[in-house]
1. Select from the stretch 21-107 those GluC sites (Glu not before Pro) which occupy a DSSP coil region and have at most 16 other Cβ atoms within 10 Å, ordered by residue number.
2. Count the lysine pairs in the stretch 1-99 whose Cα atoms sit under 15 Å apart, keeping only pairs 8 or more residues apart in sequence or on different chains.
3. Summing +1 for each Lys or Arg and -1 for each Asp or Glu, what net charge is found among the other residues whose Cβ lies under 9 Å from the Cβ of residue 63?
4. Within the stretch 59-73, what residues put their amide N at less than 16 Å from the label point 7 Å along the Cα-to-Cβ vector of residue 29?
5. When the dipole is taken about the Cα centre of the chain, and only Lys, Arg (+1) and Asp, Glu (-1) are charged at their Cβ, what size is it in debye, to the nearest 20?
6. Within 14 Å, Cβ to Cβ, of residue 49, how many net charges do the neighbouring residues add up to if Lys/Arg are +1 and Asp/Glu are -1?
7. In whole angstrom, how long is each semi-axis of the equivalent ellipsoid of the stretch 42-87, when you take the square root of 5 times every eigenvalue of its Cα gyration tensor and sort them from largest down?
8. Taking only C-alpha pairs under 8 Å that are 6+ residues apart, what is the relative contact order of the chain in percent?
Amino acid sequence: MQLRKGDVVEVISGEEKGRRGKVLRIEWHEKSKSYRAIVEGVNLAKKHQRTRGPDKPGGIVDLPNPIDVSNLVLICPKCGKKAKVRREEHEGRRVRVCRECEEIIDV
Ligand SMILES: [Zn+2]
């Protein structure tokens with residue numbers, strides 16, 4: 001699993017192909033034995049929300065649905081390309097390095 005919370009990713013298949021957003025959360029999906037990511041502004045689904053007080057009215061809100069990480073690719077924050085990363089040891093930590101621009105991608 002190469003993606004982490006805070007990464008910018010692009011959707012590479014399905015209806016949302018080409019959309020980019022920031023990873024808000026990564027979760028393990030037991031049924032499909034794979035990781036899924038909640039990506040900001042991507043794969044939105046309308047959900048009904050209950051009223052939870054006077055300042056939190058209910059209604060229909062757009063919430064991102066999880067996407068299987070195999071449909072996502074990491075975008076390098078430096079060069080903006082779809083990053084092919086390699087793992088490298090850097091100052092005693094495992095980091096991801098963009099093969100395009102050699103930038104260490106870490107969040
Ligand atoms: Zn790069």
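1. 30, 40, 91, 100, 102, 103
2. 6
3. Once positives and negatives cancel, what remains is +1.
4. 64-73
5. Its charge dipole is roughly 260 debye.
6. Value of the local net charge: +3.
7. Values: eigenvalues 257, 31, 14 Å².
With the √(5λ) rule applied to the stretch 42-87, the semi-axes are 36, 12, 8 Å.
8. Values: 208 pairs, mean separation 23.4, N = 107.
Result for the chain is 22 percent.
Read the figures in this text as sums done on the coordinates, not as results from a lab. Treat the numbers as computed from the prediction; the structure is a model and nothing was measured. Don't worry about glycine lacking a Cβ; one is built from the backbone with ideal geometry, like all the others, and counts go over all protein chains shown.
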